[in-house]
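*Asks:* Have a look at this one.
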Amino acid sequence: MATPIETKLKDSAAAAGLALVLSIPFIGLHTISTDQGLVVESRWSWVAWAVGLVFIGRLLLGFARDALAARAASRPKKQAKPVAAGEPTLAARLTRAFMAVALLFAVTLPFMPYSDRYIIDLGTTVLIYILLALGLNVTVGLAGLLDLGFVAFYAIGAYSFALLSKFFGLDFWVCLPLSGLIAALFGALLSLPILRLRGDYLAIVTLGFGEITRIVILNWQSLTGGPNGVSGIPRPGLFGLSFDRRPPEGMGSFHELTGIDFSGEHRLMFLYLIVLALVCLVAWVINRLRALPVGRAWEALREDEIACRSLGINPTASKVSAYAIGGMMGGFAGCFFAARQGFVSPESFGFIESALILAIVVLGGMGSQVGVVIAALFIVMLPELGREFADYRMIVFGLAMITIMVWRPGGLLSTRVPTVKLDQKGA
Amino acid sequence: MDASALGTFLQYLINGITLGAIYGLIAIGYTMVYGIIRMINFAHGEIYMIGAFVAVTTFSLLSALGIAAVPLALLLVLLVSIFFTAAYGWTVERIAYRPLRGAPKLAPLISAIGMSIFLQNYVMQTQGSRPKPLAPVMNGGINLWQGDGFTLSISYIQLFIIVLTFALMVGFTQLINRTALGRAQRACEQDRTMAGLLGINVDRTISLTFVMGAALAAVAGVLVTMYYGVIDFYIGFLAGMKAFTAAVLGGIGSLPGAMLGGLLIGLIEAFFTGYISGAYKDVASFSVLIAVLVFRPTGLLGRPDIEKV
């Protein structure tokens, strides 16, 4: 059913009028600092552009909506087919196929001829975010506990490695599990005061936890170096082989031993492969956990806490373990991040990181690992692709987040299906 | 306690109340929106920042036009800022939240974070990323007490902030308790479907809630601009977070709670900065919040959340 064009024009005119009001104080007028104080300058042509764009955009949106509605109406409604128990659904098979292809692509990426420094580096960044999102997915997606301060675990992992190597000379492979353990410990610690809290109260307390961590790191100068951060973090080696041109005392070097010509890219490739392996390991562990009693308890807790209690599931243990395990994954990611950068500072661990990681989990569709992979690609790549519009990319990024949520409120792949489900009832 | 120690204490008290008044104004926006649609409006801090920017532009414009009388200029700035900021508040709800009614709980939160990123960068691009200094609008103050080498003073601007905030809060409470709009809001808060069935325009009520929250945030923005004399596009994040903390501390969904929470956060900051350390003042606020929530999981004045099976 198409609305008459007049209504659409009126609607667009209203939108344009609103755009006019909104754009006057920000696009139309702007202040410039001069010696005599602030001076107001105007840019009315910009306002005209903004208003015109909104008018046309709104009009097109109206037509697009009509077209979509007409198509949806002409198509017969699909009946959901009952799925036989035990048989993988089409979606599940597609997921598996996608994962296999993605994994193959990821493994071969660094060896491809077109892969230069930039691509490998970008791939590493994407994988770090996937790792973080997989961790947060345990708390938010599986256990249903909101966490707005996940970056705290990332920071704790990074600083654990930085400080352990600085003060005790430990290397990456020793610190990786240690960082994970320390972060898990903090996760358990954080979960204790918030056991009784629900929903949005959790949001602010976890947000506070993230901020407290950042502020403490920023101000505890004697330990963390404050805003200057910690530098000179050792690079990870492969079984005692270094990837530097001149290996440190007592280490062999990769290029000398293998006889391959030295190239700085080898180190990047190696880092990439480490984080890829970490991601695979973490994804596999989480998948196994989902099948164990503790994973089942998380999902049950997400669905209904009261029912959990009456069935004898211990909500305290489930919540503590969810935060601890999620935190551990964050700690791994942090440790790797420190190793990759060789430098950590509090700047890298602001609230915006927490928000991005949460956005990955939610955009991906909570609880879905494939979704996390796709959303992480999107979140990391979008600002990168927009490099040419450097100044405007964050504006576009914010708009894109809103658009996707409005378009698919359940996430790109919304598979909030409990691992175990009785046949009769829908999720 | 000797006289100058008492004087210092009272000075911190005055500073804390001023700060708390501003936080309280912003916190009301969070608490009302939460009460009515159960979502955290993460972009509310940016709305306050927009109010502050409109204030700076208007102040500069007025001084260019030669309107120098302080009361008139102030009134105009407040009205202009409230108007434009309320328009932004309305639009934000319309674009980012209304399509998400009934969506999974986290969807509006992410949409709000996207809106917050958008608004921050929008203002940065259109107004520039450098801080905007503003010539002081109100000078001077009253010396309340003069002791040996110490003066306890309250500046006119502090007085103005405290009085205006108090008046707004009283007016606002009346608005919620007495008017038809307030009644509609309270009805929507209790049961949106039922309110709709009884002929309340739910969408309109929600929109007006956003408009009112934005108007109060605009006032807070104007006050902050005058109080600190410098703003930048990033102020919304920190203030938003503090105000959100205040709203939760007081019990989110409760109006008096938001005011009380704002006041408490302001006082904690002022005293902690004064007596212990400025660097850790946010740690102190959050720690108090966590401690309170451990014992009262729904905040100081929040209603206990009874879960029905």
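*Asks:* Loop-only check: which trypsin sites (Lys or Arg not before Pro) in the stretch A:1-68 are DSSP coil with at most 15 other Cβ within 10 angstrom?
*Replies:* Sites meeting the loop and neighbour criteria: A:43.
*Asks:* Here's something else I'd like to know. Rank A:70, A:355, A:300 by mean-square fluctuation in a GNM of chain A with C-alpha springs under 10 angstrom and give only the top-ranked residue.
*Replies:* Among A:70, A:355, A:300, the largest GNM mean-square fluctuation belongs to A:70.
*Asks:* Which residue, B:118, B:150, B:84, tops the fluctuation ranking in a GNM of chain B built on C-alpha contacts under 10 Å?
*Replies:* So, out of B:118, B:150, B:84, the one fluctuating most is B:150.
*Asks:* If you place +1 on the Cβ of every Lys and Arg, -1 on the Cβ of every Asp and Glu, and leave all else neutral, what size is the dipole of the stretch A:5-71 about its Cα centre, to the nearest 20 Debye?
*Replies:* Values: 6 positive and 5 negative charges, 73 e Å.
The dipole magnitude comes to about 340 debye.
*Asks:* Additional query: Under 20 °C and 1.002 mPa s, how fast does the protein assembly as shown diffuse according to Stokes-Einstein, given a Kirkwood radius computed over C-alpha pairs? Answer in µm²/s, whole number. Walk me through the numbers on the way to the answer.
*Replies:* Values: Rh = 27.9 Å.
This corresponds to a translational diffusion coefficient of 77 µm²/s.
*Asks:* Just to confirm the number: angle between the C-alpha axis of helix B:255-275 and the first principal axis of chain B, 0 to 90 degrees, nearest 10?
*Replies:* Roughly 30 degrees between the two axes.
*Asks:* Give the order of A:18, B:175, A:90, A:358 when sorted by the count of other beta carbons within 10 angstrom, beginning with the fewest.
*Replies:* If I rank by nearby Cβ atoms, fewest first, I get A:90, B:175, A:18, A:358.
*Asks:* What average count of beta carbons from other chains do you get within 10 Å of the Cβ of residues in B:238-244?
*Replies:* Whole-number average of other-chain Cβ neighbours for B:238-244 is 2.
*Asks:* I want to check the label-to-label distance for residue B:163 and residue B:191. Put each point 7 Å from Cα in the C-beta direction and report it in nm to one decimal.
*Replies:* Result: 4.6 nm between the two label points.
*Asks:* Not counting the cut sites, what is the longest span of chain A without chymotrypsin sites (Phe, Trp or Tyr not before Pro) that DSSP labels loop and that have at most 16 other Cβ atoms within 10 Å?
*Replies:* A:263-427
*Asks:* Would you mind working out the magnitude of the charge dipole of the protein assembly as shown relative to its Cα centre, with +1 at each Lys and Arg C-beta and -1 at each Asp and Glu C-beta, to the nearest 20 Debye?
*Replies:* 2320
*Asks:* Continuing with this model, one more query. Please report, for the Cα atoms of chain A, the Rg to one decimal and the Dmax as a whole number; what are they, in angstrom?
*Replies:* 25.3, 80
*Asks:* Considering the options B:110, B:26, B:122, tell which one lies farthest towards the positive end of the dipole of the stretch B:1-141, charges being +1 on Lys and Arg and -1 on Asp and Glu at the Cβ, about the Cα centre.
*Replies:* After comparing all options, I get B:110.
*Asks:* Could I ask something else about it? Once Lys and Arg get +1 and Asp and Glu get -1 on their Cβ, which of B:135, B:156, B:170 lies farthest toward the positive end of the dipole of the stretch B:99-232?
*Replies:* Of the options given, the answer is B:170.
*Asks:* Related question: In the stretch A:291-383, what trypsin sites (Lys or Arg not before Pro) fall in a loop by DSSP, with at most 13 other Cβ atoms inside 10 Å?
*Replies:* Filter output for the stretch A:291-383: empty list.
*Asks:* If the only charges are +1 at each Lys and Arg Cβ and -1 at each Asp and Glu Cβ, what is the size of the charge dipole of the stretch B:20-248 around the Cα centre, to the nearest 20 debye?
*Replies:* My answer is approximately 560 debye.
*Asks:* Now for a different question. Within a 10 angstrom radius of each residue's Cβ in B:95-107, how many Cβ atoms of other chains show up on average? Whole number is fine.
*Replies:* Numbers: counts 4, 7, 3, 1, 5, 4, 1, 1, 5, 9, 5, 14, 9.
Going residue by residue through B:95-107 and averaging, the value is 5.
*Asks:* Also, quick follow-up: Charges on Cβ only, +1 for Lys and Arg, -1 for Asp and Glu, centred on the Cα centroid of the stretch A:5-71; of A:60, A:48, A:15, which one is farthest towards the dipole's positive end?
*Replies:* A:60
*Asks:* On average, how many beta carbons from a partner chain sit within 10 Å of the beta carbon of a residue in B:293-302? Spell out each step's value before the answer.
*Replies:* Values: counts 9, 7, 1, 1, 6, 4, 2, 0, 0, 1.
Whole-number average of other-chain Cβ neighbours for B:293-302 is 3.
*Asks:* Nearest 0.05, what FRET efficiency do residue A:94 and residue A:314 give at R0 = 41 Å with Cβ-Cβ as r?
*Replies:* Numbers: r = 37 Å, r/R0 = 0.89.
Working from the Cβ atoms, E equals 0.65.
*Asks:* Can you give the convex hull volume of the alpha carbon atoms of the stretch B:174-233 per residue, in Å³?
*Replies:* Numbers: hull volume 5.6 nm³, N = 60.
Each residue corresponds to 94 Å³ of Cα convex hull volume.
*Asks:* Between residue A:343 and residue A:277, 0.36 nm times their residue separation minus their Cα-Cα distance comes to what? Walk me through the numbers on the way to the answer.
*Replies:* Values: separation 66, 0.36 × 66 = 23.76 nm, distance 2.23 nm.
Stretched out fully, the residue A:343 to residue A:277 stretch lengthens by 21.5 nm.
*Asks:* Normalised by the number of residues in chain B, what is the relative contact order in percent for Cα pairs under 8 Å and 6+ residues apart? Mind showing how you got there, number by number?
*Replies:* Working: 475 pairs, mean separation 111.1, N = 309.
Result for chain B is 36 percent.
*Asks:* May I pose another question? Most mobile of B:156, B:34, B:23 per a Gaussian network model of chain B (Cα springs, under 10 Å)?
*Replies:* Most flexible of the set in this elastic network: B:156.
*Asks:* Another one. Across the stretch B:26-43, in residue order, what do the Karplus-derived ³J(HN,Hα) couplings come to in whole Hz, using 6.51 cos²θ - 1.76 cosθ + 1.60 with θ = phi - 60° and x for Gly and Pro?
*Replies:* With coefficients 6.51, -1.76 and 1.60, one gets 6, 4, 4, x, 5, 5, 5, 5, 5, x, 8, 10, 6, 10, 8, 7, 5, 7 Hz.
*Asks:* Here is a follow-up. Rank these for me by crowding, A:292, A:109, B:263, going from fewest to most other beta carbons within 10 Å. Write out the running numbers ahead of the final one.
*Replies:* Numbers: A:292 10, A:109 17, B:263 22.
In order of increasing Cβ crowding within 10 Å: A:292, A:109, B:263.
Bear in mind these aren't lab numbers, they're just calculated from the coordinates by the rules spelled out. These figures come from a predicted structure and were not determined experimentally. FYI the Cβ positions are ideal-geometry reconstructions off the backbone, even for glycines, and counts take in every protein chain you see.
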